[in-house]
Amino acid sequence: MIGNNIRKLRLKYELTQEELAAKLGVSRSAMGNYERETRQPDIDMLIKMADTFNITIDELVGRKRNCKSYNHRV
């Protein structure tokens, strides 16, 4: 799922894998691996990607907001 989201965002911003990789400081092959989901970005890379696309990490990874409230007991 995350790989598809990265690809969609990259295409939305009309970036090649090489251009996005340069912005994020990784190789083009690493970017391809993220999109194919043969490699998962670490939290620092997720933050860089979210900042680059001006979205939240939740949006980047496809997490939907759960409207249910939870009661936590300490």
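Label-to-label distance for Asp42 and Asn4 is 2.8 nm, based on points extended 7 Å past Cα in the beta-carbon direction.
P(r) tail for segment 2-60: Cα pairs beyond 16 Å make up 31% of the total. Pairs of lysines in the chain whose Cα atoms sit within less than 20 Å of one another amount to 6, provided the residues are eight or more positions apart or on different chains.
We did not get these values from a lab; they are worked out from the coordinates using the rules stated. Model, not experiment: these values are computed from the prediction. Here Cβ is always computed from backbone atoms with ideal geometry, including for glycine, and neighbour counts include all displayed protein chains.
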